[in-house]
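Here is the structure we will look at, set down as structure tokens.
The values are calculated or read from the model by the stated rules, or taken from the named source; none is laboratory data. Quantities reported herein were computed from a predicted structural model and do not represent experimental measurements. Backbone-built Cβ (ideal geometry, glycine too); neighbour counts: all protein chains shown.
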Amino acid sequence: MYQLAHVDKKFPGVHALKSVDFQIGRGEIVGLVGENGAGKSTLMKVIYGAYQPDGGQILIDGKTVRFANPRAAMEQGIGMVFQEQSLIANLTVMENIFLGYEQQFVRFGVINWKAMAAAASAQLAKVKLEIDPATITSALSFAQRQLVELAKVLTLEERVQGDLVILLDEPTSVLAEDEVKLLFKLVRELTARASFIFVSHRMDEVMELSDRIYVMKDGAVVDVVARGEKTVEQIQHKMVGRNVDKEYYREQRQIPYDAGRELLRMEGVSLPGRISDISLTLHAGEVLCLVGTEGSGREAILRTIYGMRTPLTGTVTIKGQEITRFTPRNAVERGVGYVPRERKIEGIVAGMNVYENMTLSQMGRHSRAGVLRIGGERALARDWISRLSIKASSELADCGNLSGGNQQKVVLAKWRSGGSDIMLLDHPTRGLDIGAKEDVYDMIRDMSEAGVGIVLVADTLEEAIGLSHSIIVVKDGAIQKRFDCQPGAKPSLYDLLHYMI
Amino acid sequence: MTGRFSREAVIRWAPLLVLIALVILFTAINPQFFSLRNFARITISSAPALMVAVGVTFIILMGSIDLSMEGVISLTAVLFCMAFVRFGGNLAAGGWLAMPLILALGAGIGFVNGLIHVRLRIPSFMASLAMGFVGTGAAVLLTGGDIVKVDDDVFRGLLTYRVLGFPLMVYVAVVFLGLGWFLQTRTTLGRNFYAVGGGEDLAHASGLNVRRVRIAGFTLAGVFYAVAAILQVAKLGQAESVTGANFMFISITSVVVGGVALWGGVGGVWNALVGVLIVNTINNGMVVIGLPDYVQDGMLGLLVIVAVVLSTDRRAAIVVK
């Protein structure tokens, strides 16, 4: 019914989808699994019309179609239930359901609210949600909002000739267990009205719900599994597959860390709703990887160490001193540096030049009585530009115009030049091309040799295994397992996945 | 990137080109516009406005806005006159003491303004607007609606004593402009303004105390408003509760026309200078070419819109609110 044939999608430096074949029949539930970066979200965006494929065809009932935008896809019956919910919180439920399609209720330029409420109730009945359609959306629980979103997509039924395909992106990630059960029951009943594509990190749920499962890796579909055909383990092997290249992650440069020098200790740290009872230690020269799925609490741990969050219970000790006031300023003064995932938001200030960005966290060191010594700043920036071979025309270049890899180097230089010896790296290689990634790996090894302790949240599991001295697996905010990763005795991807999902 | 005439370069110099175009335009209509006497007139009217514009530039660089200038100027101007009279009524006898006093007062008002904005978490727009009304109200209360005069020839020398055709107050304004430039480019505070305006989350994540920077910005702006008040008194020889009127429109307009981005992080005191000169040139030019009174305000508004269109980069802003 709905089919993708040899669909290709390329981004600068990345071949995101490689000749993907995909099909879904009437009333079918199809699962889609893969690691982060395997191409799941790109594939979904192609399906619901946010991206246009560079090659291949999209076919509905054998006819080639092309969607200019998500709305065009909706008009052909393709609906998307977003993971980050797309409802507008300050509007009522019915306004959200018919957002952009209010015209059907308008008479003489005035909206007939009664008619809209009745129509909205009919939609809500499809998902068995009994609420007043005039409720303000922000008053609903998360699960209820998810159902409203589903109801909104189901309005396509009345608008569209032909069959519906509904994408569910991580619909269960924030639901409680009984809510998940209800959702699954509902989805199964709704197969009378629509087909579903179900994307989730939770393998057991995908196995339970889906009729068939597409397994993706590196932008390609590597397997299609029918229900009950393979075990969770077999599918996970397919997901990761490839042998890890030791050279690539500079494993030959991994030297033992200094177990006698403890830089950071967390004991029983809890943040309600995010992390619970986290205890870990970081030593000089150690690369400690936090591994887990999205939302498992890795970022909350980093942000607690950096003082952006104050834990409710437990202690954080940096270099023997217990932290009492949790502020980034306090952490920076103790030598903590943070390379956030959102480089553009928290990494560099676009519009400020290279040297201004580098000294931003340590201006006190380059000034006397508030007056800056710009000569010194520029010399420092020139030094680091050559040390890290940053490709910038000079230290006066606008950081916003540098490539992603070079921006990342500026961020790293910012902390390293300031003498930070506890580095928190959140997805430092995200969005970088291979060459830039290798530069970052080299820098991580350099820092490790210089006795810097590094807490890393890696982009992929392979990266985590390749780079780390130790790995801590986090799930639902709690530590599941700690692995030692000496060269030659590293855990396998499968070992980790086992504790992650 | 097309060499010398790249988009960035054009945008950077656009406000200055607009200013030059205006001068040429008015000169073409009435050649008397292009004279030292007239330029002195433009700079005299620009001097107090420039001080306000420099002050508010720092706030806008941070991505905030300060609308308290009218009230602050009225209050500090009135208090300056009163203090000046109290301290002997002439500069040499002790009237000069009023100057540091008023600058400190300006700083104090700005500090409170910043404190209200940051501590009570009220948007700067609202906090400063309210603060401005408090200032105007206090000025009315102090004067009872009367005018307070300063009759000291030495102090009025700021207006009357001329060097190279320009009165002293113009040079004072230039000195404070230089101070503003120094703060902007050479101090950690100035760098912090850009960091907060360019990426507040990042500034926070780099360990900057963003709240302290904001309060410092409002305090600094308060000092510049107080300088403006003193220059305004020097210009008029008196103060009353409406001394600060019109400064809000002139200063904010100037800063925007000069190319400082309202969303923060872009621009500086030079933009404020060019902007103030553009607005005052328009004002002066309309008089010189003999436009009737009753169309001048409307014309100023229209020309300001044209100047903003020509001189600012609006492509970077996705949403304009």
Only residues that are farther than 27 Å from residue A:294 by Cα, surrounded by fewer than 13 Cβ atoms within 10 Å (Cβ to Cβ) and under 28 Å from the mean Cα position of the chain (by Cα): list them for the stretch A:71-119, please.
A:71, A:90
Out of (1) modelled with pLDDT of 85 or more; (2) under 28 Å from the mean Cα position of the chain (by Cα); (3) surrounded by fewer than 22 Cβ atoms within 10 Å (Cβ to Cβ); (4) not acidic (Asp, Glu), what's the single condition that is false for residue A:413?
(3)
Just for helices (runs of 4 or more DSSP H) wholly inside the stretch A:123-226: which have at least 2 residues that are among the basic types (Lys, Arg) and more than 14 Å from residue A:81 (Cβ to Cβ)?
A:177-190
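For (1) farther than 17 Å from residue A:280 by Cβ; (2) buried (at least 17 other Cβ atoms within 10 Å of the Cβ), each residue gets a yes or a no:
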| residue | (1), (2) |
| --- | --- |
| A:307 | no, yes |
| A:313 | no, no |
| A:316 | no, yes |
| A:324 | yes, no |
| A:335 | yes, yes |
I'd like to check something: does the stretch A:341-358 contain any residue that is among the hydroxyl-bearing types (Ser, Thr, Tyr), assigned to a helix (DSSP H, G or I) and touching an Asp or Glu at 6+ places or on another chain (Cβ under 9 Å)?
yes
Find all pairs meeting these conditions: Cβ atoms under 8 angstrom apart; at least six residues apart or on different chains; first residue within the stretch A:401-415 and free of Cβ contacts under 8 Å to residues at least 40 places away in the same chain; second residue small (Gly, Ala, Ser) and assigned to a helix (DSSP H, G or I).
A:403/A:436; A:405/A:435; A:405/A:436; A:406/A:436
Could you look through the stretch A:369-406, keep only residues that are among the acidic types (Asp, Glu) and closer than 24 Å to residue A:437 by Cα, and pick out the one that is nearest to the other protein chains (Cβ to nearest Cβ)?
A:398
Looking only at the stretch A:328-346, decide whether some residue is at positive phi, charged (D, E, K, R) and more than 7 Å from chain B (Cβ to nearest Cβ).
no
Hey, could you check the stretch B:261-272 for residues that are over 30 Å from residue B:29 (Cα atoms) and of a type in the set (A, V, I, L, M) and say which is surrounded by the most Cβ atoms within 10 Å (Cβ to Cβ)?
B:269
Filtered residues of the stretch A:347-368 (kept if farther than 26 Å from residue A:284 by Cα, hydrophobic (A, V, I, L, M, F, W, C) and more than 9 Å from every other protein chain (Cβ to nearest Cβ)):
A:354
Of (1) closer than 27 Å to residue A:304 by Cα; (2) more than 11 Å from chain A (Cβ to nearest Cβ), residue B:154 satisfies all except one. Which?
(1)
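Which residues, counting only those in the stretch A:111-147, are β-branched (Val, Ile, Thr) and at pLDDT below 90? Steps first, please.
Keep residues of the stretch A:111-147 that are β-branched (Val, Ile, Thr), which gives A:111, A:127, A:131, A:135-137.
Of everything in the stretch A:111-147, those that are β-branched (Val, Ile, Thr) and at pLDDT below 90 turn out to be A:111, A:127, A:137.
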If a residue has to be within 29 Å of residue A:260 (Cβ to Cβ) and assigned to a loop (DSSP other than H, G, I, E, B) to count, how many in the stretch A:298-328 make the cut?
9
Looking at residue A:134, is it over 26 Å from residue A:42 (Cβ atoms), in contact with a Phe, Trp or Tyr (Cβ under 9 Å, 6 or more places away or on another chain) and hydrophobic (A, V, I, L, M, F, W, C)?
yes
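Quick one: is residue B:84 crowded, with 18+ Cβ neighbours inside 10 Å, over 21 Å from the mean Cα position of the chain (by Cα) and either farther than 28 Å from residue B:139 by Cα or of a type outside the set (Val, Ile, Thr) (or both)? I'd like the intermediate steps shown before the answer.
Numbers: crowded, with 18+ Cβ neighbours inside 10 Å: yes; over 21 Å from the mean Cα position of the chain (by Cα): yes; either farther than 28 Å from residue B:139 by Cα or of a type outside the set (Val, Ile, Thr) (or both): yes.
Answer is yes for this residue.
Go over the candidates B:275, B:222 one by one and state the one that is more than 11 Å from chain A (Cβ to nearest Cβ), modelled with pLDDT under 95, buried (at least 24 other Cβ atoms within 10 Å of the Cβ) and out of contact with any strand residue (DSSP E or B) (no Cβ under 7 Å at 6 or more places or on another chain). Give the derivation first.
Working: B:222 fails: modelled with pLDDT under 95.
It is B:275.
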Those residues of the stretch B:140-173 that are assigned to a loop (DSSP other than H, G, I, E, B) and surrounded by 17 or more Cβ atoms within 10 Å (Cβ to Cβ) come to a total of 2
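For the stretch A:314-323, check the following and say yes or no: at least one residue is at the interface with another protein chain (Cβ under 10 Å from one of its Cβ atoms), over 20 Å from residue A:459 (Cα atoms), of a type in the set (S, T, N, Q) and free of Cβ contacts under 8 Å to residues at least 60 places away in the same chain. Steps first, answer last, please.
Of the stretch A:314-323, the ones at the interface with another protein chain (Cβ under 10 Å from one of its Cβ atoms) are none.
No, the stretch A:314-323 has no match at all.
For the stretch B:167-199, give me each residue that is more than 10 Å from every other protein chain (Cβ to nearest Cβ) and in contact (Cβ under 8 Å) with a residue 24 or more places away in the chain. Lay out the reasoning, then the answer.
Taking the stretch B:167-199 and keeping what is more than 10 Å from every other protein chain (Cβ to nearest Cβ), we get B:167-181, B:184, B:193.
Passing the criteria: B:167, B:169, B:170, B:172, B:173, B:176, B:177, B:180, B:181, B:184, B:193.
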Tell me whether the stretch A:447-469 contains one or more residues that are closer than 21 Å to residue A:294 by Cβ, outside any helix (DSSP H, G or I) and without any contact (Cβ under 8 Å) to a residue 40 or more places away in the chain.
no
Filtering the stretch B:59-92 for residues that are in contact with a Ser or Thr (Cβ under 6 Å, 6 or more places away or on another chain) and charged (D, E, K, R) leaves a count of 1
Using the structure shown, decide if residue A:178 is modelled with pLDDT under 85 and among the acidic types (Asp, Glu).
yes
Take the residues in the stretch B:200-218 that are over 21 Å from residue A:338 (Cα atoms) and not aliphatic (A, V, I, L, M), then tell me which one is farthest from the other protein chains (Cβ to nearest Cβ).
B:218
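Yes/no matrix, rows are residues, columns are (1) within 22 Å of the chain's Cα centre (by Cα); (2) within 30 Å of residue A:372 (Cβ to Cβ); (3) of a type in the set (Val, Ile, Thr):
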position	(1), (2), (3)
B:102	yes, yes, yes
B:125	yes, no, no
B:150	no, no, yes
B:163	no, no, yes
B:178	yes, yes, no
B:183	yes, yes, no
B:191	yes, yes, no
